[in-house]
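Just so you know, all these numbers are worked out from the coordinates, no wet-lab data involved. Being a predicted model, the structure only gives us computed values, none of them experimental. Every residue, glycine among them, receives a Cβ derived from its backbone with ideal geometry; neighbour counts consider all protein chains shown.
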Amino acid sequence: MQQMIRSGMWLAFFAAILAAWAWLYMMATGMGVDLIGRPGAMAEAMRGMDPRMDMYMPMAEFGPLFAMWAVMMAAMMLPTLVPTLRAYEDLMVSAGATRAGWLAVLAGYSAVWVGVAAAMAAVQLALLYAGVIDMLGIGTTRVFQGGLLIAVGAFQFTRAKEVCHGVCHAPAFYFVGRWKPGVSGGLRMGAALGAYCAGCCWGFMALGFVGGVMSLLWMGAATLFMVIEKLPQIGHAVVKPMGAALIAAGAAVLAWPLMMGG
């Protein structure tokens, strides 16, 4: 019976991830954006719209943007939680962890990322009305795009990234050092792990404003890299090389007009 419950919980967890990706796919294609984020005729027309126009535009309203970001958080961040949930399961015998506590860890972690979704929606609206990004969430200038790439790349070398990544990379050590029993303990630990994860991965969310927040290619690539960052064997080895690659990409974006003679 316990094995059936465990299998059912994991199946529901992965089903939620697949449902989030399916929702994002339907939203992107419904707006006329293809799988790699290239806008079709309808999406291209939307990009040039003024958010101050007297008409309803979902991508210029907090509610739809918040829903989009919340589903995006589920699609991108839940896969990175697998090592954490596995580590919690390993403590079910030795530390008295329970299935209810497992769900509480998931709930606490998700609650933090819902908060991040609200913050990202607010940032997107502010950037949109400032003219920094367009209606599809794509930066309107090379200065913004290149600068954001460099900023996120530089963050990979900071002490804050090191501390947050250290916790996300080795959740078992976090559980052992800060164990809290029961459902309330699971909620608190899940929320704390979510906060560390947000501190570790916020930059990859922000890079959506370079490639477009509706680009499934960007979301898939960012998710893959965040999962790799948390792998116990190679996670630490990829953080700084990715930072260097992002800085180089940002410099290339800024220098492109000069290289083209513009």
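Could you give me D for region 149-262, from Stokes-Einstein at 37 °C and 0.692 mPa s, where the hydrodynamic radius is the Kirkwood radius over C-alpha pairs? Units µm² s⁻¹, please.
Details: Rh = 15.6 Å.
Roughly 211 µm²/s, to the nearest whole number.
Output the relative contact order of region 2-259, whole-number percent, from Cα pairs under 8 angstrom with separation of 6+ residues.
Worked out over region 2-259, it gives 27 percent.
Could you pull out which residues in region 112-126 have an amide N less than 20 Å from a spot 7 Å beyond the Cα of residue 49, following the Cα-Cβ vector? The answer is 121-126. Each of 52, 142 has some number of other Cβ atoms within 10 Å of its Cβ, and from fewest to most they run 52, 142.
Stretched out straight at 0.36 nm per residue, the stretch from residue 34 to residue 86 would grow longer than its current Cα-Cα span by 15.2 nm. Scaling against 2.2 N^0.38 Å puts the C-alpha radius of gyration of the chain at 1.08. Amide H contacts of residue 133: 128, 140, each under 5 Å away and 5 or more positions distant or on a separate chain (H built 1.01 Å from N in the peptide plane; Pro and chain starts excluded). Using a ≥ b ≥ c from the Cα gyration tensor of region 38-182 (square roots of the eigenvalues), is it rounded, prolate or oblate, where a/c under 1.5 gives rounded and otherwise the larger of a/b and b/c decides, a/b for prolate? Verdict is prolate for region 38-182. Distance from the Cα centroid of region 67-85 to that of region 147-193 is 15 Å (rounded to whole angstrom).
P(r) tail, region 105-144: Cα-Cα pairs separated by more than 15 Å, 50% of all pairs.
Assuming R0 = 30 Å, can you tell me the calculated FRET efficiency for the pair residue 221 and residue 95, based on Cβ-Cβ distance, to the nearest 0.05? Each step should come with its number before you reach the end.
Numbers: r = 36 Å, r/R0 = 1.21.
Calculated value: 0.25.
Put simply, the amide H of residue 33, placed in the peptide plane, has neighbours under 5 Å in 40, leaving out anything fewer than 5 places away on its chain. For region 57-67, the Karplus equation 6.51 cos²θ - 1.76 cosθ + 1.60, evaluated at θ = phi - 60°, returns couplings of 10, x, 6, 10, 10, 5, x, x, 5, 4, 4 Hz by residue, with Gly and Pro reported as x. For region 139-146, putting each phi into the Karplus relation 6.51 cos²θ - 1.76 cosθ + 1.60 with θ = phi - 60° gives couplings of x, 8, 9, 5, 4, 5, 4, x Hz, in residue order, rounded to whole numbers and with x for Gly and Pro.
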